[in-house]
Ligand SMILES: [Zn+2]
């Protein structure tokens, strides 16, 4: 079973990742906005700048999705079913949860 200390450690781990994600979301949002302005100012906006904009957009939506998943984990981290494999009902190894807090299955499932 997961101990309270381990839960706290995983929670801190998630909160750190959330902080990092929020920073990169802010940066990507600013980049996306400056891209739009650059496009408006530049009649000959190159394909390259469009491509980088698309990559940023992808990274942005990926980061937002990850952020959502992590926030969901934070909501259920204190529940008894947290850390229990959804398939076989056995506890998921703490090391695995540390490495990937969104894991809902144990290593053998
Ligand atoms: Zn399992």
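Some values worked out for this structure:
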| read-out | value |
| --- | --- |
| Residue in the range 33-48 that is surrounded by 13 or more Cβ atoms within 10 Å (Cβ to Cβ) and modelled with pLDDT of 85 or more present | no |
| Cβ pairs under 8 Å, 6+ apart, first in the range 88-103 and in contact (Cβ under 8 Å) with a residue 40 or more places away in the chain and over 17 Å from residue 16 (Cα atoms), second part of a helix (DSSP H, G or I) and more than 10 Å from the ligand (Cβ to nearest atom) | 94/6; 94/10 |
| When residues of the range 73-98 are limited to those that are over 14 Å from residue 4 (Cα atoms) and part of a loop (DSSP other than H, G, I, E, B), the one farthest from the ligand (Cβ to nearest atom) | 93 |
| Qualifying residues in the range 54-72 (those that are in contact (Cβ under 8 Å) with a residue 40 or more places away in the chain and within 20 Å of residue 7 (Cα to Cα)) - the one farthest from the ligand (Cβ to nearest atom) | 67 |
| Failed criterion for residue 101 (all others in (1) assigned to a helix (DSSP H, G or I); (2) within 20 Å of the chain's Cα centre (by Cα); (3) away from the ligand (no atom under 16 Å from the Cβ) hold) | (1) |
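The values are calculated or read from the model by the stated rules, or taken from the named source; none is laboratory data. Since we're looking at a predicted model, the values are computed, not measured. Counting neighbours? That spans all protein chains shown, and the Cβs are built from the backbone with ideal geometry, glycine included.
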